[in-house]
Amino acid sequence: MRRTYRAFCLLILISGTLLHGEEWHSAEPGWKYEFPRDHGPHREFKTEWWYATGTLDDGAGHDYGFQLTFFRQGVRPGSKPSGSSRFRVTELPFAHFAVTDVTGGTFRHFQKSSRGAFGEAGFAIPVAQNTRMAWIDGWELRQESPNHFRLKASEAGRAIDLILVEEREPLVHGKDGISPKSAKPGHASHYYTLTRLQASGSVMIDGKTHPVSGLVWFDHEWATNSLDPDEAGWDWSGLHLSNGEDLMLFRIRDKQGKTVFTAGTLRDAKGGVSDLKDLKITPQGGWKSPHTGGLYPAFLSVEIPSRNLHLTVSPRLKDQELLLTPFAYWEGAVKGEGNVGTNSVSAEGYLELTGYGGQILGVNGQ
């Protein structure tokens, strides 16, 4: 691991000591989402991420998945003052990139970090003169026109280069502009999703390029103290259902592994949005990581009685664990099988499992 990344992680851990009286904003009710403004950074909040996952195929029977996430970890609230040194640190950009070759049975992941002192990394509201939203070295997310985005990343023989077309308007999660993360007040985020982006482009596997198409899910979320100190991690999934519905769901666990909070949003094929109050997520079985020793759920059982929906969500490949410092987590392509009433339904998408392979940092004051 590069020494620069070790130093970067140390800065994250001590960032809370550098504020000298300045205060971070918390996610509060009443946020009015505006675009493209909210595609850009929110530097009054400590933690923010731009997160894209996709399930792709090459039309010849080969399936792929990918994750590309850009993180902004604040050191001091607000933007850098005009005229200050380019080496002054007010935020720490880093990114994770992973590619799953489902058919080939392989998973590889990568990470980058940078101070962005010379513009090699950063975050911006996309405008005609500069369409970038988030970038670090050659990894980037752009909004090239109001409904068109582009994702690019390449590392060690694996790459994606995708054009994304927005099929549905942004989906805001929660109520009154916030997405609660605890039954206790004061723990929430601002969170929206572009649930169904039609993707076309290419995936590179071990130096060989494959034309692909598929669906991409894009999340953008920002907060300061989204988790309560007693909460240890979450199970999250974003799924495209075969009946045209889009489903986001998560459960928060305490340090004993007990579910302490669940939430979800479902958008039906006609655009109707439901804030799911009766969602039940039950982990089933176990998969022990050979890398960290973490015991992850083997699959999830999902029930939404109000929709008469039941799904079993399973990994496309068992080992999709990202081994990173200062923590590891499982993030991978999944499939779902189940029913809505008497009708069969399938799903595809991504699942994120945190807090199993090590303590998570940066989202609850740790």
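The values are calculated or read from the model by the stated rules, or taken from the named source; none is laboratory data. Nothing here was measured: the structure is a model prediction, and the numbers come from that model. Positions of Cβ are generated from backbone atoms using ideal geometry, with glycine treated the same way; all protein chains shown enter the neighbour counts.
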Q: Determine whether Gly257 is at pLDDT below 95 and not basic (Lys, Arg).
A: yes
Q.
more than 24 Å from Ala347 (Cβ to Cβ), surrounded by fewer than 20 Cβ atoms within 10 Å (Cβ to Cβ), modelled with pLDDT under 95 and in contact with a strand residue (DSSP E or B) (Cβ under 8 Å, 6 or more places away or on another chain): is that true of Ala117 in this structure?
A. no
(Q) So, in region 161-185, exactly how many residues are on the phi > 0 side of the Ramachandran plot and surrounded by 14 or more Cβ atoms within 10 Å (Cβ to Cβ)? (A) 2
Q. Can you tell me which residues in region 227-262 are in contact (Cβ under 8 Å) with a residue 40 or more places away in the chain and of a type in the set (Gly, Ala, Ser)?
A. Ala232, Gly233, Ser237, Gly238, Ser242
**Q.** Top-ranked residue in region 193-231 [being among the hydrophobic types (A, V, I, L, M, F, W, C), closer than 17 Å to Thr47 by Cβ and in contact with a strand residue (DSSP E or B) (Cβ under 6 Å, 6 or more places away or on another chain); ranked as surrounded by the most Cβ atoms within 10 Å (Cβ to Cβ)]
**A.** Ala223
Q: Please go through region 103-130 and pick out each residue that is more than 19 Å from the chain's Cα centre (by Cα) and not hydrophobic (A, V, I, L, M, F, W, C).
A: Thr103, Gly104, Gly105, Thr106, Ser114, Arg115, Gly116, Gly119, Glu120, Pro126, Gln129, Asn130
Q: Can you tell me which residue within region 263-281, out of those that are exposed (fewer than 14 other Cβ atoms within 10 Å of the Cβ) and touching a residue at least 12 places away in the same chain (Cβ under 8 Å), is farthest from Thr193 (Cα to Cα)?
A: Asp278
Q: Hey, could you check region 242-260 for residues that are basic (Lys, Arg) and touching a strand residue (DSSP E or B) at 6+ places or on another chain (Cβ under 9 Å) and say which is surrounded by the most Cβ atoms within 10 Å (Cβ to Cβ)?
A: Arg251
Q) Which of (1) in contact (Cβ under 8 Å) with a residue 60 or more places away in the chain; (2) outside any loop (DSSP other than H, G, I, E, B) does Ser182 not meet, given it meets every other one? A) (2)
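Let's see how each residue does on (1) at pLDDT 95 or above; (2) farther than 30 Å from Gly59 by Cβ:
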{"position": "Ala183", "(1), (2)": "no, yes"}
{"position": "His187", "(1), (2)": "no, yes"}
{"position": "Tyr191", "(1), (2)": "yes, yes"}
{"position": "Arg196", "(1), (2)": "yes, no"}
{"position": "Lys208", "(1), (2)": "yes, no"}
{"position": "Leu215", "(1), (2)": "yes, no"}
Q) All but one of (1) at pLDDT 95 or above; (2) more than 25 Å from Lys270 (Cβ to Cβ); (3) surrounded by 23 or more Cβ atoms within 10 Å (Cβ to Cβ) hold for Leu239; which doesn't? A) (2)
Q | Residues of region 294-346 satisfying the condition of being of a type in the set (D, E, K, R), in contact (Cβ under 8 Å) with a residue 40 or more places away in the chain and assigned to a loop (DSSP other than H, G, I, E, B) | A | Arg316, Asp319
Q) Where in region 215-281 are the strands (runs of 3 or more DSSP E), entirely inside, with at least 3 residues that are under 19 Å from the mean Cα position of the chain (by Cα)? A) 231-241, 246-254, 259-267
Q) Met1 fails exactly one of the following numbered conditions: (1) among the hydrophobic types (A, V, I, L, M, F, W, C); (2) modelled with pLDDT of 50 or more; (3) loosely packed, with under 12 Cβ neighbours inside 10 Å. What is the number of that condition? A) (2)
